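Chemist: Can you keep this structure in mind? I'll have questions shortly.
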Amino acid sequence: MPPSFSHHAPRLSVVVPIHNSAFVLARTIERWTAHLTEGHNEVILVENGSTDVTWELAQELARDTPHVKFVLLQSDRGMGNALRAGIAASHGNRVLLTADDLPFDFGDLEEESKLDPVPAVVIGSKAHPGSEISRAVHRRLLTHVYKQLRSAILDSAVGDSQGTIIADGAWLRAVAPSVSEPGFLFTTQLIYIAELLGIDVVEVPVTLSADHAPKKSTVRLGDVWEMGAGLFRLRRQRRQLLQSVQQEAV
């Protein structure tokens, strides 16, 4: 018989965009199944435009357990599209937005558990002084440039808007429909909205897992122009964003 689940809201929803993730998917599913052993939790895998066997593999490997319910979705291509779809399908009191290869293992969740009271939004932040991150000089330079651009264009005080995000589920589900970015800027736009609303955002230290680093960056120097253009687009949308969020909250 299949495992039975409580009718109460899950303790945690984990949203994982998967795109051409066949090489890491088995390990990721196995690790989440082994880690989430307390309470009722859900892992939402959102395939978005893969050209390999990611979707077929996810259907084969993702099996519910007494503590973990797996939800399989598909969205349009793009990390933002996948995250938005996963958030909409979530039911957890807290929602974690993370990557397919568990970049920080479970260190972000462990650091969040130490916080009292728990903030509305927590970021597993590579920019935190206590973080241990080993990356190529090229990748570190681009990360620094992006941080400076966010600070200058959006007046953002957050060090790392591209880390993992753990948020209050009800707040995140209310706000997510207003987060329009389809790609990597989704989390930046989400954090920008939180800052505009005066939401408490706390960054916690993380350690990049040995399996995740070092890797050759896929980001090109030419992407800096796209980053800047995207940030200016977000700034122009400031009033529209606030109006949209307020309407969703009604």
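The values are calculated or read from the model by the stated rules, or taken from the named source; none is laboratory data. Model, not experiment: these values are computed from the prediction. Note that each Cβ is placed from the backbone with ideal geometry, even for glycine, and that neighbours are counted across all protein chains shown. For the accessible areas, the whole protein counts, side chains as well, though only heavy atoms, and no ligand, DNA or RNA atoms are used. Shrake-Rupley method; radii C 1.70, N 1.55, O 1.52, S 1.80 Å.
Chemist: If you go through the stretch 145-160 one residue at a time, how many are under 20 Å from the mean Cα position of the chain (by Cα) and open to solvent by 60 Å² or more (accessible area, probe 1.4 Å)?
Modeler: Qualifying residue count, the stretch 145-160: 2.
Chemist: Let me ask you something else. Say we look at the stretch 6-33 and pick out the residues that are in a loop (DSSP other than H, G, I, E, B) and at negative phi; which of these is surrounded by the fewest Cβ atoms within 10 Å (Cβ to Cβ)?
Modeler: His7
Chemist: Could you grab me the full set of residues in the stretch 40-75 that are assigned to a loop (DSSP other than H, G, I, E, B), in contact with a Pro (Cβ under 7 Å, 6 or more places away or on another chain) and closer than 20 Å to Pro177 by Cβ? Please lay out each step first, then the result.
Modeler: Looking only at the stretch 40-75, we keep the residues that are assigned to a loop (DSSP other than H, G, I, E, B), and these are 40, 48-53, 62-67, 75.
Next, only the ones that are in contact with a Pro (Cβ under 7 Å, 6 or more places away or on another chain) stay: 40, 48, 64-66.
Answer for the stretch 40-75, where residues must be assigned to a loop (DSSP other than H, G, I, E, B), in contact with a Pro (Cβ under 7 Å, 6 or more places away or on another chain) and closer than 20 Å to Pro177 by Cβ: just Asn48.
Chemist: Which of the residues spanning the stretch 202-218 are open to solvent by 40 Å² or more (accessible area, probe 1.4 Å) and either at pLDDT below 90 or among the acidic types (Asp, Glu) (or both)?
Modeler: Glu203, Ala210, Asp211, Pro214, Lys215, Lys216, Thr218
Chemist: If Phe186 satisfies every condition in (1) open to solvent by 10 Å² or more (accessible area, probe 1.4 Å); (2) at pLDDT 90 or above; (3) aromatic (Phe, Trp, Tyr) but one, which is the exception?
Modeler: So the condition that Phe186 fails would be (1).
Chemist: Give just the number: which of (1) in contact (Cβ under 8 Å) with a residue 24 or more places away in the chain; (2) among the charged types (D, E, K, R); (3) not in a helix (DSSP H, G or I) does Asp108 not satisfy?
Modeler: It is condition (3) that Asp108 fails.
Chemist: Hey, could you check the stretch 59-71 for residues that are within 14 Å of Arg31 (Cα to Cα) and not charged (D, E, K, R) and say which is surrounded by the most Cβ atoms within 10 Å (Cβ to Cβ)?
Modeler: Val68
Chemist: Whether any residue in the stretch 33-48 is at pLDDT below 95 and of a type in the set (S, T, N, Q) is what I want to check.
Modeler: The answer is yes, given that some residue of the stretch 33-48 is at pLDDT below 95 and of a type in the set (S, T, N, Q).
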